[in-house]
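Please read the structure below before turning to the comments.
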Amino acid sequence: MQTLAPDSEAELLDMVRAAAADRTPMAVQGGGTRQGVGRPVDALLRLDLSGLAGIRSYEPQELVLTAWAGTPMVEVEAALEGWGQHLAFEPPDLRALLGSRGTPTLGGALGSNFAGPRRILAGASRDHFLGFAGVSGRGEAFKAGGKVVKNVTGYDLSKLMAGSWGTLAVLSEVTIKVLPRPERACTVVVSGLDTAPAVAAMTTALAAPAEVSGASWLPARMAALVGLAMEPALLLRLEGSGPAVAWRARALSAMLERYGPISVLEDEATAAVFQQLRDVAPLAADPSRTVWRISLPPTAGAAFLAALPQAEGFIDHGGALVWLSVPDAPDGGAAQVRAALEPHGGHALMVRGAADVRAQGEPFQPLAAPLMALTARVKASFDPLGVLNPGRMYRQI
Amino acid sequence: MKMPAPDQATMGDRRRIARDLRRLLVSGALIEEEDERRAYESDGLTAYRAMPLLVALPATTAEVAAVLRYCHDKGIKIVPRGAGTSLSGGALPLEDGITLGLRKLSRILEIDLPNRCAVVQPGVTNLAITRAVEADGFYYAPDPSSQVACTIGGNVAENSGGVHCLKYGLTTNNILGVEIVLTTGEIVRLGGKHGDAGGYDLMGVVTGSEGLLGVITEVTVKLLPRPEDVRALMLGFATSEAAGACVAAIIGAGIIPAGMEMMDRAAIHAAEAFVHAGYPLDVEALLIIEIDGPTAELDHLSIRIEELGGGCGSVTCSTSRSDAERLKFWAGRKAAFPAIGQISPDYYCMDGTIPRGQLPHVLHRMGEMSKRFGLRIANVFHAGDGNLHPLILYDSNIPGELELAEEFGSEILRLCVEVGGVLTGEHGVGVEKRDLMGTMFTDVDLDHQMRLKCAFDPEHLLNPGKVFPQLRRCAELGRVHIHAGAHRFPDLPRF
């Protein structure tokens, strides 16, 4: 595969326009750390955006940052840290999980719309994506959104780009909302709970005005993997000013006493554990197992996991996300996983799986016919010739 | 304001269309009489009016689908309408189009507290959602100032905000799923009680699409636990620069208040005269800052905000000691629009967003414009997120003043774009800012948006004449033109 690496917007436009003229499919990538997600792209060209890097403007007091899409996430995070700010959606680094190399980029974080545990309080990357410039599959440069935090001018195409996996347009420049980094964090841990009582305790905690910024549950083995005791752990993260965190930890502990023994992790331990959850570290080992990301109603996790005794998983996003690892199977467990999910509603994305399983199967949740048809029309409106990551999300588009 | 030329054949066919629709609307209703249709001839942007061909009020999703399918087959245009509170003319009728009112779909279908969500029909009012769950300690966060009247379907269509969106986000950040009916009558569900979209985030793009992509028939909203305590601070400043610096200092200190509102001298005086909220009258700018959370945190935060205000030269500062006092602080801000209505026969409310740092410059320039146009102006401002609401005071009984006010408004919005902002922060483009879209977007930008429209509604039957300055045929938009000069890849091996 030939690699094209533009280092300017003009060059990017030229390259996409040329590929469109030739009907030449391109595999679009930022740092290339998530190429293993979705169906393998059958392309003759690789479009590598890592050269289109650098922060263009950062206005801490406006809570806005504009950067080239290929900017490494570490560069963004370092700039924000200097002003006591951060990306509230906690973009994960999935290199260990996916066994990939390269550097996670800002564009990649937006293109995949993954978010860490703070999703329950701060939303996903789509909620922080304010505007962009890019090149559509038509080989035309266009922009949408704005560079201010509140804007409803025209369609919110940033939402559409978030989670489109490079199949609609190649982002060149992106503007995101940034937020103050909390002063302090701690975690209230309830130990020894099985999934059902853990979900119940989580529901209790999230119905309280404690601004819980991470609500996850780990089975014993995974708790040990992230450095906790070898017993199931329900983790409830609290962030904010010193007095607020201390007060909320006391209130939450009192509320959850009836569920099980409680302990508290302070700042550093909280950061270490939640970074591992963000990066799906508990499932990183044993690359032969297929890993699924299940989005489901928050209270469905226990019943869903119970229906899959062969699988191992942990719960995040206050119950609305299950990370699942299943033993080797010809379809990567797709049929079983989706059958278990069906009664609850939601969707299952194969995040790690063998290339042939991904190529022959449907790593993205299959869509009902009218929605699939609409999805195909949306794809065609941006990329009528099918040159951008064709087949990555759905076989037919 | 130029709207698409009405189709005379459709208008001539009114009786037959009415007869057909009556048959489809079994539990719903059809409004045919001219005096009854008149109630629908405008929305919150009352300067624009048009008599709808007919008003259909379906009562079920199936009826919505049936009406849309019928209109699709006959090529009849549709204007969806919630409560009709749009300030940008989003629900302005078409003389050859059916206004599709969703008010009869007004049931709360399910309250699911363990999953922290509610499933509601589009005609439920914004405030009714909070009312239905507040006894259990929950609420629905977005709170547009029309929340008593406006409906959730309209909120989704416009991506409505409110004074609390600084901390809690707009509608788009507070919904989990929608059911929409496409122009063909097909019913599509996007999202649900789970979090992320499984494929393209079509819910995200339907939100704020101003009724151009589909008709919303059900919404799953996120419910949040009500904060333990709420407090408001009121700080007065001798200059708008000092107030702006205070806003920047608060955010710079890592504090994101639940709401942060600014009023200028004209707005303060009008509001005080109207509701006697106890506002200081000798200041140029007033900040109302609301914080929420545990009481212990509010004690800590209110002292810090007071200090930051002092550092920026605040001349007055008071902190609410009770909920009654907090609401009194807000009373003037919430009544700012009617208060302006007391001192001027008419006013025109604008809605641009600017980078906050540009506030003093923008206020100065608006002051100059006010002199030049000979029209007074008052400003209320969602200071935390840079969303300006200048109110232009005019008298529609004076010939030419409305046009002058509109020209003034356009100039303000152009200024917002010039300083790096946008045309609309929360009211939508509608017909009002349609012809200004070119100041923010190129034709290529707008064509990409319009092609998305084509993916949902290739015949432009849904709310045509809104948002886009020019209607272009989808077939024409879909053509791919790749000009010579593009590099090709002759050396690639092909199979």
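The table for this structure:
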read-out: Ratio of the Cα radius of gyration of the stretch B:234-352 to 2.2 N^0.38 Å, where N counts its residues; value: 1.06
read-out: Those residues of the stretch B:195-210 for which accessible area with every protein chain present is at least 20 Å² below the isolated value (1.4 Å probe); value: B:G195, B:D196, B:G198, B:G199, B:Y200, B:D201, B:L202, B:G204, B:V205, B:G208
read-out: Dipole of chain A [Lys/Arg +1, Asp/Glu -1 at C-beta], most positive-end residue of A:A124, A:L371, A:A340; value: A:L371
read-out: Percent antiparallel among DSSP beta bridges (both partners in the protein assembly as shown, rounded to 5); value: 90 percent
read-out: Cα-centre dipole for chain A with unit charges at Cβ (Lys and Arg positive, Asp and Glu negative), debye to 20; value: 720 debye
read-out: DSSP-defined beta bridges in chain A - what % are antiparallel, rounded to 5; value: 90 percent
read-out: Accessible-area composition of the stretch A:1-156, carbon plus sulfur, in percent [1.4 Å probe]; value: 46 percent
read-out: Solvent-accessible surface ranking, highest first, for A:L277, B:L471 at 1.4 angstrom; value: B:L471, A:L277
read-out: 3J(HN,Hα) from dihedral phi, the stretch B:178-187, Karplus parametrisation 6.51/-1.76/1.60, rounded to Hz, x for glycine, proline; value: 9, 10, 10, 10, 7, 4, 6, x, 5, 9
read-out: The stretch B:93-102 - phi-based ³J(HN,Hα) in whole Hz, Karplus 6.51/-1.76/1.60, Gly and Pro as x; value: x, 10, 5, 10, x, 8, 7, 9, x, 9
read-out: Accessible solvent surface per residue of the protein assembly as shown, calculated while the other protein chains remain in place, 1.4 angstrom probe, Å²; value: 34 Å²
read-out: Rounded tilt (10° steps) of A:369-382 against the dominant C-alpha axis of chain A; value: 50 degrees
read-out: Accessible-area value, B:E403, 1.4 Å probe, nucleic acids and ligands omitted, Å²; value: 110 Å²
read-out: Surrounding net charge for A:F274, when Lys and Arg each add one and Asp and Glu each subtract one, Cβ distance under 14 Å; value: -2
read-out: 0 to 90° range, to nearest 10: angle between helix B:401-418 axis and chain B longest Cα axis; value: 80 degrees
read-out: Other-chain or far-sequence residues with amide H under 5 Å of A:T71's (modelled H); value: A:G54, A:L106, A:G107
read-out: Theoretical ellipticity at 222 nm over chain A - DSSP helices of four or more residues, -39500 (n - 2.57) apiece, nearest 500; value: -8500 deg cm²/dmol
read-out: Placed amide H near A:T153: partners under 5 Å, 5+ positions off or other chain; value: B:T424
read-out: Formal net charge of residues neighbouring B:F381 (Cβ-Cβ distance under 15 Å; K, R +1; D, E -1); value: -3
read-out: List A:D286, B:D13, B:D445, ordered by accessible area with a 1.4 Å probe, largest first; value: A:D286, B:D13, B:D445
read-out: Spacing of the two label points (7 Å from each Cα toward its C-beta) at B:R107 and A:R181, in nm; value: 5.1 nm
read-out: Total accessible surface hidden between B and A, rounded to 100 Å², 1.4 Å probe; value: 7600 Å²
read-out: Per-residue SASA entry for B:R49, accessible area with 1.4 Å probe, Å² rounded to 10; value: 140 Å²
read-out: With DNA, RNA and ligands ignored, accessible area of B:R356 (1.4 Å probe; Å², nearest 10); value: 20 Å²
read-out: Heavy-atom accessible surface of the stretch A:185-319: percent carbon and sulfur, 1.4 Å; value: 58 percent
read-out: Crossing angle, helix B:359-373 versus chain B [Cα axis fit, 0-90 degrees, rounded to tens]; value: 70 degrees
read-out: Share antiparallel - DSSP beta bridges, chain B, percent rounded to 5; value: 85 percent
read-out: Three-way shape call for the protein assembly as shown based on the alpha-carbon gyration tensor, with the a/c threshold at 1.5; value: rounded
read-out: Charged-residue dipole, Cβ positions (Lys, Arg, Asp, Glu), the stretch B:296-355 about Cα centre, Debye nearest 20; value: 140 debye
read-out: Summed residue charge, Cβ within 9 Å of B:V205's Cβ, Lys/Arg positive, Asp/Glu negative; value: -1
read-out: Total charge dipole magnitude, the stretch B:31-125, about the Cα centre, Cβ charges on Lys, Arg, Asp, Glu only, Debye to nearest 20; value: 320 debye
read-out: For chain B: relative contact order, % (alpha-carbon pairs under 8 angstrom, 6 or more apart); value: 13 percent
read-out: Relative contact order (percent, whole number), the stretch B:188-285, Cα cutoff 8 Å, 6+ residue spacing; value: 25 percent
read-out: Among B:C150, B:Y139, B:L109 the positive-end extreme of the charge dipole of the stretch B:81-180 (Cβ point charges); value: B:Y139
read-out: Rough spin-label spacing in nm, given labels placed 7 Å along Cα→Cβ, for B:S27 and B:L471; value: 3.3 nm
read-out: Contact order relative to length of chain A, as percent, for alpha carbon pairs under 8 angstrom and 6 or more apart; value: 19 percent
read-out: Residue (of A:V199, B:G400, A:G260) at the positive-pole extreme of the protein assembly as shown, dipole from beta-carbon charges; value: A:V199
read-out: At least 50 Å² of accessible area lost relative to the chain alone, listed for the stretch A:162-198 with a 1.4 Å probe; value: A:P180
read-out: Estimated 222 nm signal from helices in chain B, with DSSP H stretches of n ≥ 4 weighted -39500 (n - 2.57), rounded to 500; value: -10500 deg cm²/dmol
read-out: Of all accessible heavy-atom area on the stretch B:194-295, the percent that carbon and sulfur account for (1.4 Å); value: 54 percent
read-out: Exposure rank, largest accessible area first [A:E9, B:E272; 1.4 Å]; value: A:E9, B:E272
read-out: Whole-Hz ³J(HN,Hα) from phi, Karplus 6.51 cos²θ - 1.76 cosθ + 1.60, for the stretch B:456-470, glycine and proline x; value: 9, 8, x, 9, 6, 8, 8, 6, x, x, 9, 6, 9, x, 9
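The values are calculated or read from the model by the stated rules, or taken from the named source; none is laboratory data. What you see is a predicted model, and the numbers here were worked out from it, not measured in a lab. Using ideal geometry, Cβ is built from the backbone for each residue, glycine included, and neighbour counts are taken over all protein chains shown. We work out accessible area using only protein heavy atoms, side chains counted, and drop any ligands, DNA or RNA first. Shrake-Rupley method; radii C 1.70, N 1.55, O 1.52, S 1.80 Å.
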